[in-house]
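Any read-out appearing in this document is the output of simple, stated calculations on the displayed coordinates, not a laboratory observation. Small disclaimer: the values here were computed from a predicted structure and weren't measured. Please note: Cβ atoms are built from the backbone with ideal geometry, for glycine as well, and neighbour counts cover all protein chains shown.
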Amino acid sequence: MSIDAEIARRRTFAIISHPDAGKTTLTEKLLLFGGSIRSAGAVKSNKITKTATSDFMEIEKQRGISVATSVMTFEYRDKLVNILDTPGHKDFAEDTYRTLTAVDSVILVVDSAKGVEAQTERLMEVCRMRKTPVIVFVNKLDREGLRPVDLMDELEDKLSIRLRPMTWPIGMGQSFKGVYNLHERNIYLFTPGKTVVEQERLFVDDLCDPVLDRELGSAAVQLREDVELIDGVYDSFSVAAYRDGALAPVFFGSALNNFGVRELLETFLEIAPPPTSRQSDIRLVEPDEEGFSGFVFKIHANLDPRHRDRIAFLRVCSGTFLKDKPFRHVRQRRDIRFSRPYSFMAERKEVVDAAYPGDVVGLYDRGDLKIGDTLTEGEEIEFQGIPSFAPEIFKELVSTDPMRSKQLDKGISQLTEEGVAQLFIQDRGRRKIVGTVGELQFQVIQYRLEHEYGAACRLQPLAYTKACWITADDPKVLNEFMKYRHAQIVSDKDGRPVYLADSEWMLAAIMRDSPKVEFHFTSEFKRKVRA
Ligand code: G4P
């Protein structure tokens with residue numbers, strides 16, 4: 001197959017949702033359609049959301065599972081689908097944001113009873129920032145939920161995106177009858193059951209057909225009213241607007257009952273973009289370029305402490321990735337080759353000889369790769385858009401066993417390279433401050449430092465609430481600021497100055513007082529376009 005055909009048949013996306021909306025269930029059903037898993041329950045155990053308490057073994061187990069489920073690849077008809085897993089728990093939001101840099105589109109799952117939840121809003125913000133095309137799947141129609149029209153208003157309002165319903169529910173909960181497909185103009189009747197694959201279809205040329213009243217009872221009247229309203233209120237669907245991130249098609253269904261999933265998958269395959277171009281610091285890189293390029297968006301430690309190697313997840317952006325071929329490690333300015341790159345087909349890890357744009361390959365790494373690293377066929381470019389986000393919780397890392405402080409240093413630097421947390425240094429390295437977006441990471445860090453590096457430590461809470469990178473056009477201005485506020489200045493992993501603020505209010509006041517200093521809330525600014 002030509003490389004153009006390989007690119008054209010790939011769809012790389014993530015399913016995102018607030019925890020419990022049904023992301024895992026939907027993923028599992030999609031894999032069932034792809035024949036990747038034989039039974040329900042295979043993806044089920046990927047559940048840190050339910051173990052937010054200090055259940056360390058669960059965290060360990062989760063780490064293992066999340067390596068296995070980080071990427072799930074399956075074939076459906078002539079398409080090759082890569083689903084990138086995102087952790088649902090908010091404490092791992094940064095991991096999710098980074099994964100979103102490696103996809104070409106997303107499916108957003110919303111619980112029909114809960115509507116827009118906190119994580120839904122935050123995730124959508126990231127998608128909007130990146131203009132990622134979004135399909136919405138409203139789940140759990142087999143339960144009582146919000147009125148569909150109200151839900152649509154809430155979604156449009158809170159997610160700031162135009163919507164276009166593709167299907168429309170007929171009743172809900174106990175009286176859920178199915179959905180009307182506005183595109184095909186026919187009705188899919190709902191049969192509860194977790195193993196249902198084919199849905200009964202009712203073909204209707206005209207919604208006034210009395211057969212509807214016979215089949216649906218009084219719900220037929222409501223449906224007619226709703227459809228009239230939809231056609232009047234919502235713009236018609238446009239693939240271009242969807243691909244531009246401006247319009248999101250909406251499907252209704254029940255993942256648990258496998259209802260509405262096939263239409264979702266088939267429409268997704270029809271409209272979702274194949275691998276798209278990626279912005280580097282110098283130029284836009286197109287997938288069909290001959291030269292290979294890709295970037296690392298996730299790093300995972302090996303679960304077996306006897307093997308220190310890690311797995312780096314690389315998204316191929318252009319050209320062909322080949323096993324054993326030397327590629328340019330742009331940050332390290334040297335060539336690097338991989339003898340055992342693997343893909344994630346059907347629950348198995350398989351060594352691959354070649355990978356194409358849109359694919360994700362797992363690379364064994366002995367500490368050479370960091371999140372955000374670019375590999376190329378020689379060109380000195382770096383991909384953008386893999387920022388660190390400003391952490392909000394800070395603790396000082398204190399060694400409680402001076403004999404093991406070297407191990408502690410090594411451990412924390414490796415863990416931060418994996419993206420578990422961010423490390424800030426003060427007083428030439430004498431003080432180490434760990435910043436995260438959630439408490440759960442601190443538990444993971446302390447546990448892993450003790451168990452993998454044998455380094456006992458304490459994490460002492462600090463009163464800071466925000467970290468921001470600081471720059472100024474005039475180096476004198478920056479130096480002055482840093483001298484004056486030295487108690488709150490730290491350096492990040494690349495040695496860049498960061499200001500730690502103790503409250504939003506103080507930060508706002510300081511920003512007002514220092515108009516010549518720029519405050520940045522993600523690390524992205526560092527990759528300014530090189531001349
Ligand atoms: P998540 O990955 O987004 O966190 O959600 P997940 O799929 O795990 O689903 C959360 C809960 O919602 C699960 O129930 C799941 O069975 C249920 N669920 C998912 N889709 C539907 C649906 O269409 N209808 C209904 N009624 N429920 C649905 P649980 O009791 O928390 O877990 P489990 O005991 O079923 O595993």
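Structure above, values below:
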{"item": "Ranked packing of 97-107, 141-151, most packed first, by mean Cβ within 10 Å", "result": "97-107, 141-151"}
{"item": "For segment 216-315, convex hull of alpha carbons as volume per residue, Å³", "result": "195"}
{"item": "Mean Cβ neighbour count within 10 Å, used as a protection proxy, ranking 180-188, 505-513, 272-280, 489-497 highest first", "result": "272-280, 180-188, 489-497, 505-513"}
{"item": "q = 0.06, 0.09, 0.12 Å⁻¹: log10 I(q)/I(0) that the Debye formula gives for the chain, counting C-alpha atoms only", "result": "-0.32, -0.70, -1.17"}
{"item": "Cα-only Debye scattering, segment 393-528: base-10 log of I(q)/I(0) at q = 0.10, 0.11 Å⁻¹", "result": "-0.35, -0.42"}
{"item": "Contact order normalised by residue count of the chain, Cα under 8 Å, 6+ apart, percent", "result": "13"}
{"item": "0 to 90° range, to nearest 10: angle between helix 261-271 axis and the chain longest Cα axis", "result": "70"}
{"item": "Relative packing of peptides 255-262, 453-460 - highest average C-beta neighbours within 10 Å first", "result": "255-262, 453-460"}
{"item": "Within the chain, helix-based [θ] at 222 nm, where runs of 4 or more DSSP H residues each add -39,500 (n - 2.57), nearest 500", "result": "-8500 deg cm²/dmol"}
{"item": "Percent of C-alpha pairs per 5 Å bin, segment 104-219, short to long", "result": "2, 10, 19, 21, 17, 14, 10, 4, 2, 0"}
{"item": "Total formal charge among the other residues, if their Cβ is under 13 angstrom from that of Asp205, Lys/Arg +1 and Asp/Glu -1", "result": "-2"}
{"item": "Other-chain or far-sequence residues with amide H under 5 Å of His300's (modelled H)", "result": "Ile311, Ala312, Phe313"}
{"item": "Extension gain from Glu270 to Glu289, taking 0.36 nm per residue of separation minus the Cα-Cα distance", "result": "4.5 nm"}
{"item": "Inverse of mean 1/r across different Cα pairs in segment 278-376, Kirkwood, Å", "result": "13.7"}
{"item": "Arg337/Glu121 FRET efficiency (R0 41 Å; Cβ-Cβ; nearest 0.05)", "result": "0.45"}
